[in-house]
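Asker: Encoded as structure tokens, here's the structure I'll be asking about.
The values are calculated or read from the model by the stated rules, or taken from the named source; none is laboratory data. In this text, all values refer to a predicted model and were calculated from it rather than measured experimentally. Every residue, glycine among them, receives a Cβ derived from its backbone with ideal geometry; neighbour counts consider all protein chains shown.
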Amino acid sequence: MIKSICVFCGASTGNNKDHQAAAIELGSFLAEKDITLIYGGASIGLMGMIADRVLAKKGKVIGVIPTVIKDLEIAHDGLTELVEVGSMHERKQVMYDRAEAFIALPGGLGTLDEFCEVATWMQLGLHKKPIILYNSNGFYDYFISHLDKCVQEGYLSVKDRKLYTVINTTKDLLKFL
């Protein structure tokens, strides 16, 4: 059984309540299954929502935040552990090292960066940890189509296209785990 999951998600709540509900539901799931949440350490956005939910359900949350972001006073101050690092690169390395699996909820460029980097690392054989794309309310439909286009155009192999699993609900995650 997986004991820690790194969740990549937005530092904004976005404007779709379904994505916010997915973050809260995933937070409840992690706490109920005694799975430690590892995430970017912020108190805002979907990141803050999922961390708040895990903590409210008495779960464990490890945040990893670069000093430059912590200085913006958005670091979550109620976490089980907050790891301060020197750079975004170091943040990703610490999160990747501590996690046994990865989930990307809706988010922006940072979320896509983190998801793509961990998928690339798996492609290169640097890890074999599960990667999950949480396609809340079809959020990643166009991204998934783009990856399919990468296969069609010869930039991504069919094998590498299967480096991650797409789920649409938290219940799908239970089946996956």
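Asker: I'd like the residue in the range 118-137 that is in contact (Cβ under 8 Å) with a residue 24 or more places away in the chain and surrounded by fewer than 16 Cβ atoms within 10 Å (Cβ to Cβ) and, out of all such residues, is farthest from Ser157 (Cα to Cα).
Answerer: Asn137
Asker: Can you find even one residue in the range 152-166 that is at pLDDT 95 or above and in a helix (DSSP H, G or I)?
Answerer: Scanning the range 152-166, I find at least one residue that is at pLDDT 95 or above and in a helix (DSSP H, G or I), so the answer is yes.
Asker: Please go through (1) among the hydrophobic types (A, V, I, L, M, F, W, C); (2) surrounded by 18 or more Cβ atoms within 10 Å (Cβ to Cβ); (3) modelled with pLDDT under 95 for Val68 and return the number of the only condition it doesn't satisfy.
Answerer: Answer for Val68: the failing condition is (2).
Asker: Still on this structure, I have one more. Restricted to the range 7-25, and to residues that are out of contact with any strand residue (DSSP E or B) (no Cβ under 7 Å at 6 or more places or on another chain) and outside any loop (DSSP other than H, G, I, E, B), which residue is farthest from Glu100 (Cα to Cα)?
Answerer: Restricting to residues being out of contact with any strand residue (DSSP E or B) (no Cβ under 7 Å at 6 or more places or on another chain) and outside any loop (DSSP other than H, G, I, E, B), the top hit is Lys17.
Asker: To continue, here is another question. Would you check which residues across the range 90-139 are polar (S, T, N, Q), within 21 Å of Ser12 (Cα to Cα) and part of a helix (DSSP H, G or I) and list them?
Answerer: Narrowing the range 90-139 to residues polar (S, T, N, Q): 93, 111, 120, 123, 135-137.
Those still in the list that are within 21 Å of Ser12 (Cα to Cα) too: 111, 135-137.
Within the range 90-139, Thr111, Ser136, Asn137 qualify.
Asker: Take the conditions touching a strand residue (DSSP E or B) at 6+ places or on another chain (Cβ under 8 Å) and farther than 20 Å from Val64 by Cβ and apply them to Tyr140. Does it pass?
Answerer: Details: touching a strand residue (DSSP E or B) at 6+ places or on another chain (Cβ under 8 Å): yes; farther than 20 Å from Val64 by Cβ: yes.
So Tyr140 passes the test.
Asker: Out of the range 26-65, which residues are assigned to a helix (DSSP H, G or I) and crowded, with 24+ Cβ neighbours inside 10 Å?
Answerer: As a first pass, look at the range 26-65 and keep what is assigned to a helix (DSSP H, G or I): 26-32, 45-56.
Hits for the range 26-65 are Leu26, Gly27, Leu30, Leu46, Met47, Ile50, Ala51, Val54.
Asker: Now for a different question. Do you know which of the residues in the range 142-177 that are closer than 19 Å to Met1 by Cα and basic (Lys, Arg) is surrounded by the fewest Cβ atoms within 10 Å (Cβ to Cβ)?
Answerer: For the range 142-177, the residue satisfying everything is Lys175.
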